[in-house]
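A short worksheet on the structure shown next.
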Amino acid sequence: MTAMERRKQRLAAFIRQVWDEGDSGAADNYIADMYTIHHDPGDPWEGKNLDRAGFRDRVRKSRAAFPDQRFDIRGLFADGDSVVMTWLWNGTHQSDLPGFAATGQTIRTSGVTAYMFDSEDRLTGHWQITDRLGVFQQLQRNRQDHSRS
């Protein structure tokens, strides 16, 4: 198996175990000592360097409002030390977000994330583009529908 194929498999396992299943402790098996969010507009951790404890905290906080979230990996493309993942995401809005009370409605979005790896196949960071405006619009629409009922 090539390094690129191995990294694709590792990334898919990381997404499933850590982000879909919510096993934040498993992140220690996948990420390097330091993880950098290079670009992720709208993410409170954008531009930050996280140690493993900080990354685990990020996972827990990020999943809190959508504990059943799931990524549908649409494609994995490797180049050099990076694997780019295209994805669809959905989750049920089960806990409050700032300005948005939980509605119980499903939210959907999509995005592209480039994950960087070190020589030991550990994740060192990401660069992401996602449709946060679409998420905001769905939350706003759900808030209006929820207040009418």
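Numbers below:
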read-out	value
Accessible surface of the chain, 1.4 Å probe, proportion on carbon and sulfur as whole %	49 percent
Spin-label model distance (nm) - ARG143 vs ASP28, 7 Å beyond Cα toward Cβ	3.8 nm
Proportion of all alpha-carbon pairs of the chain beyond 21 Å (%)	44 percent
Three-way shape label, the stretch 46-108, alpha-carbon gyration tensor, a/c 1.5	oblate
Å² of accessible area per residue within the stretch 15-105, as computed with a 1.4 Å probe and no ligands counted	50 Å²
C-alpha long axis of helix 52-63 to longest principal axis of the chain, angle in °	30 degrees
Computed [θ] at 222 nm, helices only, for the chain once each DSSP H run of length n ≥ 4 contributes -39500 (n - 2.57)	-9000 deg cm²/dmol
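The values are calculated or read from the model by the stated rules, or taken from the named source; none is laboratory data. Keep in mind it's a predicted model, so treat the numbers as computed, not measured. Ideal geometry is used to build each Cβ from the backbone, glycine not excepted, and the neighbour counts take in all protein chains shown. Surface areas here come from the heavy atoms of the whole protein model, side chains and all, with no ligands, DNA or RNA. Shrake-Rupley method; radii C 1.70, N 1.55, O 1.52, S 1.80 Å.
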